[in-house]
Amino acid sequence: MKHLVLRSALVSAVIASSGLVAVGLSANAQAAGTATGPTGSLTMSAPLTTVKFVYDFPGPDMELIPIVVGQDQGFYAAAGLKVNTLFPASTSSTSAMLATGAGNVGFITTSDMADAVAAKVPLESIANYSMTNNWTIFAKPGSKLTAADLKGKKIFSWGDTWTQTMLGFVLKHAGLSASQVTIVTASNDTPLLMDGKIDFDTSTTNYAVPAIQGADNGAKPVMFTGAQIGVPNIPIWVYAVTKAYAAAHPATAKAFLAATLKATKWAIANPAAAVNDFVKMYPNSGYSKAYSTTGWNLTIPLLKNAAGKFFVQTDAQWATLDQGMIATKQLKSAPAPSTYYTNAFIPAQ
Amino acid sequence: MNWRRVLRNVFGPIVSLAAVIGIWQAIIVWGHVASYIAPRPLVALQAITSNWSILWPLTSWTIKETVYGLVAGAVIGVVFGVIMAKVPLLARTVYPVLIMSQAIPIVALALPLVLILGFSLMPKVVIVAWIVFFPVTVNLLDGLNNVDKDLLTLARVLGASRLKTFFVIEVPGAITPLFSGLKIGATYAVTGAIIAELAASSGSSLAEYQRAQAGQLNAAGVYGTTILMTAIGISWFLLMLGAEYMATPWRRRSVARRGWRSGKQKLQ
């Protein structure tokens, strides 16, 4: 018995040592330029270029799936890139991390981009992440409230620039002033909505719907969106870089978007596997697999425009955003839309 | 007036404050730090003065939160400290719970408090009081437990009642540690108020204003708000320092007051 245990321990030690050696060899090989292709096979290629990708939130969630898939399925490695994901200290730190060189490519809202340009932070949006606006006003499941009932009600806001901009559109459409509603900011929205402490929640469908369904046995919230509440259909999130980075590393920016496009398409075609990749990479994200699955499935329809294209930005989206931000006094003036973006790095589709 | 004393007490803090501002300015200028990362001190101050009409109502609201929370926390802290000092069994029973209360992240408390108490002033006051009471309790308890035993024995020999002994010997003996707790609590009170404002606010708050400035990459606005928050904390600390000065005349006076000398303050 003892002998068997000893032999078992010895075998385990040998296997563990082999594993460590294999890991070490793998690490060395990667440093030396060996990459794992999308098919999973080892291929020799040029040394990998490191791209520091900064997310818009202090922790990972399902909107990170295209990046995770790009890393896990080898799309970035096949493009000669090693993408390291960084998480900012706060939701407003991503732009600053890009500006200081702590990150290379960032994931930010278009309103953050506008604020960055207004603050003379030399950022440039290189692609849209989402192509449509899924920002929505929610009432709890079964609520009889309508979009015409906003006056005098408590409306939740995350306090971010995007929500402020969208609320400006909503109030204007409803013919209300800011003093005619009570804006509530808090660290969490769903418990407040479900407990009746707020009348309306504001968020995007891909985050709020799975959260509310999770809190109320799958019941769907009451939703008011788009033209119904006067909100323009403009993209929310973009990939951004500094102008200096774009000028110095155009090939890397192109390669990043090309690989991200492949990863995004793969994640759309294989949603369950994409969520599995996310759960595997971030098992302690704090989100359940059910939440991430619902959230990702709600994100997929947002990623292409009416022409079926990914990433492509327009003057109109930035001009409309500027109008909203000027109306809510977040911007003093509107720069030319071209100040914000370039489509030069977007791959052919 | 003792000018040497005034110089020692005022000149030192002014020099250290000037040094902090000088180092801040030097880092920004010599480090070529961009204005959206960190502003120069004067620019941060200008962000306060130029937005004073917006900032003052928010600041006065935060002051109100800290005052109510500080008073509530101090009262609760003193009550706990005295009871625990007088009932050792209770102290042994309650002390672990008090320590546990401070180990709970305040952020985790904030949402349940909002769900129970709503968006009024009350949850903010509770959070500030939660932060303030602990250093007051611990310091007062230590102070009361470490009163000179010989003095207590002397009071007993002279036939002083327990109440008289408490007020004439134990309270003065514990007043310095009590004020240490109050000074710590007063400084942290503003931190509690800001955490509470971030956790949930109805309408605007100083913390929300700062968050909005951060979102707009307005570093001057962020630093300006931080200066205001710091000023509130320092103000409460100085207020406690003043109260301590008034409450501890024996530190400045080696001779007993005239009334004491004439026998008006006998032990019995």
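The values are calculated or read from the model by the stated rules, or taken from the named source; none is laboratory data. Source: prediction; values computed, not measured. Reconstructed Cβ throughout: ideal geometry from the backbone, glycine too, with neighbour counts over all protein chains shown. Surface areas here come from the heavy atoms of the whole protein model, side chains and all, with no ligands, DNA or RNA. Shrake-Rupley method; radii C 1.70, N 1.55, O 1.52, S 1.80 Å.
Simple rule: put +1 on each Lys or Arg Cβ and -1 on each Asp or Glu Cβ in the stretch A:230-349, find the dipole, and look at A:A269, A:T328, A:L302; the Cα lying farthest toward the positive end is A:A269. Once both axes come from the Cα atoms, what is the angle between helix A:250-269 and the longest principal axis of chain A, in degrees from 0 to 90, rounded to 10? Approximately 80 degrees, to the nearest ten.
For chain B, what's the relative contact order in percent, using C-alpha pairs closer than 8 Å and at least 6 residues apart?
Values: 288 pairs, mean separation 69.1, N = 268.
The normalised contact order for chain B reaches 26 percent.
Going from the alpha-carbon gyration tensor of the stretch A:77-220, what semi-axes, largest first and in whole Å, does one get by taking the root of 5 times each eigenvalue? Working through the eigenvalues yields semi-axes of 32, 19, 13 Å. For a straight C-alpha distance cut-off of 17 angstrom, the aspartates and glutamates reachable from A:K140 (same-chain residues fewer than eight places away being disregarded) are A:D149, A:D189, A:D195, A:D199, A:D201, A:D216. Simple point charges give the picture: +1 on the Cβ of Lys and Arg, -1 on the Cβ of Asp and Glu, and for the stretch A:100-191 a dipole about the Cα centre of about 460 debye. For the stretch B:100-129, a decrease in accessible area of 40 Å² or greater in the assembled protein chains relative to the isolated chain, with a 1.4 Å probe, applies to B:L111, B:L115, B:F119. The mean number of Cβ atoms from other chains found within 10 Å of a Cβ in peptide A:175-187 is 4, as a whole number. Net charge around B:L121, counting only other residues with Cβ within less than 10 Å of its Cβ (Lys, Arg = +1; Asp, Glu = -1)? Taking every Cβ under 10 Å from that of B:L121, the sum is +1. Surface analysis of the protein assembly as shown yields an accessible area of 49 Å² per residue, using protein heavy atoms and a 1.4 Å probe.
Binning the alpha carbon pair distances of the protein assembly as shown at 20 angstrom intervals from zero yields the distribution 16, 40, 29, 13, 2, expressed in whole percent. Mean sequence separation of contacting Cα pairs (under 8 Å, at least six apart), scaled by the length of chain A, corresponds to a relative contact order of 24 percent. Per residue of chain A, the DSSP helices (runs of n ≥ 4 H) give a summed -39500 (n - 2.57) that works out to -13000 deg cm²/dmol at 222 nm. Amide hydrogen proximity for A:T49: with H placed 1.01 Å from N in the peptide plane, the residues at 5 or more positions away or on another chain lying under 5 Å are A:L81, A:K82.
Positive-end ranking of B:W250, B:V94, B:I83 along the dipole of chain B, with charges on Cβ about the Cα centre, is headed by B:W250. Eigenvalues of the alpha-carbon gyration tensor of the stretch B:29-158, scaled by 5 and square-rooted, set the equivalent ellipsoid semi-axes at 41, 21, 16 angstrom, largest first. Net charge within 10 Å of A:F75 by Cβ-Cβ distance, Lys/Arg positive one each and Asp/Glu negative one each, not counting A:F75 itself? Once all neighbours under 10 Å are counted, the net charge is +1. Of all the accessible heavy-atom surface of chain B, with the other protein chains kept in place and a 1.4 Å probe, what percent is carbon and sulfur? Answer for chain B is 70 percent, counting heavy atoms of protein chains only. Per the accessible-area calculation with a 1.4 Å probe, the total area buried between chain B and chain A rounds to 1900 Å². Using the structure shown, list the pairs from A:K120/A:K153; A:K82/A:K262; A:K197/B:K183 with a Cα-Cα distance above 25 Å, or answer none. Long pairs (Cα-Cα over 25 Å): A:K120/A:K153; A:K197/B:K183. Secondary-structure-derived ellipticity at 222 nm for chain B, considering helices only, amounts to -25000 deg cm²/dmol, per-run term -39500 (n - 2.57) for DSSP H runs with n ≥ 4.
Here the stretch A:175-261 exposes an accessible surface that is 54 percent carbon and sulfur, computed with a 1.4 Å probe and the other protein chains kept in place. Note on the stretch A:108-183: Rg/Rh from C-alpha atoms, Kirkwood Rh, equals 1.05. Sort out for me the Cα centre separation of the stretch B:108-131 from the stretch A:125-201, rounded to whole Å. Centre-to-centre distance over Cα atoms comes out at 23 Å. About its Cα centre, the stretch B:116-208 has a charge dipole of approximately 300 debye under the convention of +1 per Lys or Arg Cβ and -1 per Asp or Glu Cβ, with nothing else charged.
Take each residue in B:198-206, count the other chain C-beta atoms within 10 Å of its C-beta, and the mean is 5. The trypsin sites (Lys or Arg not before Pro) of the stretch A:240-349 that DSSP puts in a loop, and whose beta carbon has at most 15 other beta carbons within 10 Å, are A:K309, A:K329, A:K332.
Each Cα pair under 8 Å and six or more residues apart adds its sequence gap; the mean of these over the residue count of the stretch A:44-154 is a relative contact order of 27 percent.
Given the protein assembly as shown, what percent of its DSSP beta bridges are antiparallel, to the nearest 5? Here the share of antiparallel DSSP bridges comes out near 65 percent. Summing Cβ point charges (Lys, Arg +1; Asp, Glu -1) relative to the Cα centre of chain A gives a dipole of roughly 360 debye. Write out the trypsin sites (Lys or Arg not before Pro) in the stretch B:156-254 meeting two conditions: DSSP loop, and at most 14 other Cβ atoms within 10 Å of their Cβ. Sparse-neighbourhood loop trypsin sites (Lys or Arg not before Pro): B:R252, B:R253.
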